[in-house]
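One structure is given here, and the rest of the page talks about it.
The values are calculated or read from the model by the stated rules, or taken from the named source; none is laboratory data. The structure presented is a predicted model; accordingly, all values stated were derived computationally and were not measured. Here Cβ is always computed from backbone atoms with ideal geometry, including for glycine, and neighbour counts include all displayed protein chains. Please note that ligands, DNA and RNA were not included when accessible areas were found on the heavy atoms of the full protein model with its side chains. Shrake-Rupley method; radii C 1.70, N 1.55, O 1.52, S 1.80 Å.
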Amino acid sequence: MRSRAVALGHPIHPMLIPFPFAFLSGALLFDAAGWFRDVPSWWTAGGYLSLLGIATALAAAVPGVIDYLYTVPPERSAKDRATKHMLAILAVVALFAGAAWMRGGPAVKPDAIVLGLEAFGFVLLSVGGYLGGTLVTRNLIGVDHRYAQAGQWSEATIDARKGHPSVVATIDELQVDQMKLLHVGGKQIVLARTDDGYVAFDDACSHSGGSLAGGVMICGTVQCLWHGSQFDVATGKVTCGPAKKKIAVHKVEEKDGEVRLTL
């Protein structure tokens, strides 16, 4: 959870999203008020706000897509929520773009169809915003939290074959209670160092799939921050619910100054 670019949230995305939300909401407000009060300067302002909203939404979509492909944990509840969020926001952009095209220009008075498209887009914008907020607060996508001596986020992709040991770190790479996220053979595995040496276990919490690499580890126990489940990192057994099922652990050995993982 330490490097938002590749771990659990892109640092640019949260900085950009307020702009399309403000511009698109303002577009509907000024267009509707200008149409109702018959004030050309108001609907002209709304027309330009709509164009700015579309442009900034497309800009924010770039890191958003990066988050979706490389940051949101796969095959977990967050992925389903992120998919709905993405589809809602893309629909918003399409609706406002369609309204702008039908309108013909910012200075043209919007008609009922244009206002209807913008209003529907605003509703979807609210839904998408709620889903995005849930991704941040419940799934911790984009939240840069740390725990004592967590160290700098470490992540690597390892080319490994089942049953064959693969070098995944040097012996002195991690300190006690620090973790490293490994992408191994299509799986996400956490390498961690305890007082007794290195261990490796599946990244997905067995309860709802939260990232354990983005959790907290201390005294041989890792805690998922989604709902608080805790696991013994040496055995994978649940030490505190709500999780009921243990997590898989993997063989690790330290040899010649290297840490080797065997699936």
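What residue, among those in segment 173-231 that are polar (S, T, N, Q), part of a loop (DSSP other than H, G, I, E, B) and touching a Gly at 6+ places or on another chain (Cβ under 8 Å), is farthest from T137 (Cα to Cα)?
If we take residues in segment 173-231 being polar (S, T, N, Q), part of a loop (DSSP other than H, G, I, E, B) and touching a Gly at 6+ places or on another chain (Cβ under 8 Å), then Q175 is farthest from T137 (Cα to Cα).
Tell me, which residue of segment 31-88 that is of a type in the set (F, W, Y) and over 11 Å from the mean Cα position of the chain (by Cα) is nearest to K187 (Cα to Cα)? Talk me through it step by step, then tell me what you get.
To start, the set of residues in segment 31-88 that are of a type in the set (F, W, Y) comprises 35-36, 42-43, 48, 68, 70.
Next, from what is left, pick out any that are over 11 Å from the mean Cα position of the chain (by Cα): 35-36, 42-43, 48.
Values: W35: 55, F36: 56, W42: 54, W43: 52, Y48: 46 Å.
The qualifying residue nearest to K187 (Cα to Cα) is Y48.
Return the residue satisfying two criteria in turn: it lies in segment 140-177 and is over 24 Å from the mean Cα position of the chain (by Cα) and of a type in the set (A, V, I, L, M), and of such residues it is modelled with the lowest pLDDT.
The extreme case among them is A160.
Taking the conditions exactly as written (surrounded by 15 or more Cβ atoms within 10 Å (Cβ to Cβ) and in contact with a Phe, Trp or Tyr (Cβ under 7 Å, 6 or more places away or on another chain)), does I54 satisfy them or not?
yes
Checking V222 against (1) more than 19 Å from the chain's Cα centre (by Cα); (2) free of Cβ contacts under 8 Å to residues at least 60 places away in the same chain; (3) open to solvent by 20 Å² or more (accessible area, probe 1.4 Å); (4) under 25 Å from Y70 (Cα atoms): exactly one of these is not met. Which one?
Going through the list (1) more than 19 Å from the chain's Cα centre (by Cα); (2) free of Cβ contacts under 8 Å to residues at least 60 places away in the same chain; (3) open to solvent by 20 Å² or more (accessible area, probe 1.4 Å); (4) under 25 Å from Y70 (Cα atoms), V222 breaks only (3).
Taking the condition of being part of a strand (DSSP E or B) and either touching a His at 6+ places or on another chain (Cβ under 9 Å) or buried (at least 16 other Cβ atoms within 10 Å of the Cβ) (or both), how many residues in segment 240-263 meet it?
7
Could you check W42 against (1) part of a helix (DSSP H, G or I); (2) in contact (Cβ under 8 Å) with a residue 40 or more places away in the chain and say which number it fails?
It is condition (2) that W42 fails.
Among the residues of segment 129-139, is any at pLDDT 90 or above and under 30 Å from F36 (Cβ atoms)?
If we filter segment 129-139 for residues that are at pLDDT 90 or above, which is where we start, we get 129-131.
Now narrow it down to the ones that are under 30 Å from F36 (Cβ atoms): 129-130.
Looking through segment 129-139, at least one residue is at pLDDT 90 or above and under 30 Å from F36 (Cβ atoms).
Out of segment 24-82, which residues are among the β-branched types (V, I, T) and within 30 Å of C224 (Cα to Cα)?
Selection gives V62, V65, I66, T71, V72.
Pairs only if they're at least six apart or on different chains, beta carbon under 8 angstrom, first in segment 207-218 and in contact (Cβ under 8 Å) with a residue 12 or more places away in the chain and open to solvent by 10 Å² or more (accessible area, probe 1.4 Å), second assigned to a strand (DSSP E or B) and not hydroxyl-bearing (S, T, Y); list them, first residue then second.
S211/L181; S211/Q188; S211/A204; V216/V222; V216/Q223
Just checking, which of A150, A112, A100 is surrounded by 14 or more Cβ atoms within 10 Å (Cβ to Cβ), more than 30 Å from D256 (Cα to Cα) and of a type outside the set (D, E, K, R)?
Working: A150 fails: more than 30 Å from D256 (Cα to Cα); A112 fails: surrounded by 14 or more Cβ atoms within 10 Å (Cβ to Cβ).
It is A100.
Return the residue satisfying two criteria in turn: it lies in segment 225-235 and is farther than 21 Å from L174 by Cβ and small (G, A, S), and of such residues it is surrounded by the most Cβ atoms within 10 Å (Cβ to Cβ).
Residue satisfying both the conditions and the ranking: S229.
Exactly one condition in (1) of a type in the set (A, V, I, L, M); (2) surrounded by fewer than 21 Cβ atoms within 10 Å (Cβ to Cβ); (3) within 30 Å of A27 (Cα to Cα) is false for I141; which is it?
If we test I141 against (1) of a type in the set (A, V, I, L, M); (2) surrounded by fewer than 21 Cβ atoms within 10 Å (Cβ to Cβ); (3) within 30 Å of A27 (Cα to Cα), just (2) comes out false.
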